[in-house]
1. Count, please, the residues in the stretch 68-111 that happen to be over 23 Å from the mean Cα position of the chain (by Cα) and on the phi > 0 side of the Ramachandran plot.
2. Can you confirm whether Ala32 is exposed (fewer than 10 other Cβ atoms within 10 Å of the Cβ) and either at pLDDT 90 or above or within 20 Å of Gly114 (Cβ to Cβ) (or both)?
3. What do you reckon, is Asp127 of a type in the set (Asp, Glu), modelled with pLDDT of 85 or more and more than 20 Å from Thr62 (Cα to Cα)?
4. I'm trying to understand the selection: among the residues of the stretch 82-102, which are farther than 17 Å from Leu115 by Cβ and in contact with a Ser or Thr (Cβ under 9 Å, 6 or more places away or on another chain)?
5. List, please: which pairs have Cβ atoms under 6 Å, are six or more places apart or on different chains, and start with a residue in the stretch 75-87 that is among the β-branched types (Val, Ile, Thr) and end with one that is part of a helix (DSSP H, G or I)?
Amino acid sequence: MFRASLAVVIFVALVAPPAFAATVNRSATRSASSSSHKLTHSRRRSSRRPRGQQAIQPDRVTQIQQALIREHYLTGEANGKWDATTQAAMLKYQADNGWQTKLLPDSRALKKLGLGPDYSTAINAKDGNFAPPPSAGAIPSAQAAGFAQSSGVHQ
């Protein structure tokens, strides 16, 4: 019994002081001379430079416009300006394909328009073999039979 009451007293002694502590209002405790000082850090302007791409380059806009014209989402000539007409055409194209409709082009939309990344200058693309696979008739029958047997497919 004594141990239980001692444990309760210790618990109350540890928990009660923070609960009853008074909060101090710092603005009320400042003197008249210190109140003239303003907090400069709250009004300081950010000195950070914007990161990332801020605008679409005119030659890229021209490519996008040409692709949208080809797909009949834009009329007229490509002028290289990311104007309201071009943005509306891109939004419509993305919405028609079930993609997000924000002002910047979606990567899936660019790929479908044929404007995806160009890997032709990649290090391993120069020596790569991009030839189509041989037709089924060009594969020897014994080899084809071996493939069919090992895969469990019966012809």
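The values are calculated or read from the model by the stated rules, or taken from the named source; none is laboratory data. The structure presented is a predicted model; accordingly, all values stated were derived computationally and were not measured. Please note: Cβ atoms are built from the backbone with ideal geometry, for glycine as well, and neighbour counts cover all protein chains shown.
1. 3
2. Working: exposed (fewer than 10 other Cβ atoms within 10 Å of the Cβ): yes; either at pLDDT 90 or above or within 20 Å of Gly114 (Cβ to Cβ) (or both): no.
Against the criterion (exposed (fewer than 10 other Cβ atoms within 10 Å of the Cβ) and either at pLDDT 90 or above or within 20 Å of Gly114 (Cβ to Cβ) (or both)), Ala32 does not qualify.
3. Details: of a type in the set (Asp, Glu): yes; modelled with pLDDT of 85 or more: no; more than 20 Å from Thr62 (Cα to Cα): yes.
Answer is no for this residue.
4. Thr85, Ala95
5. Hits for this filter: Thr86/Gln65.
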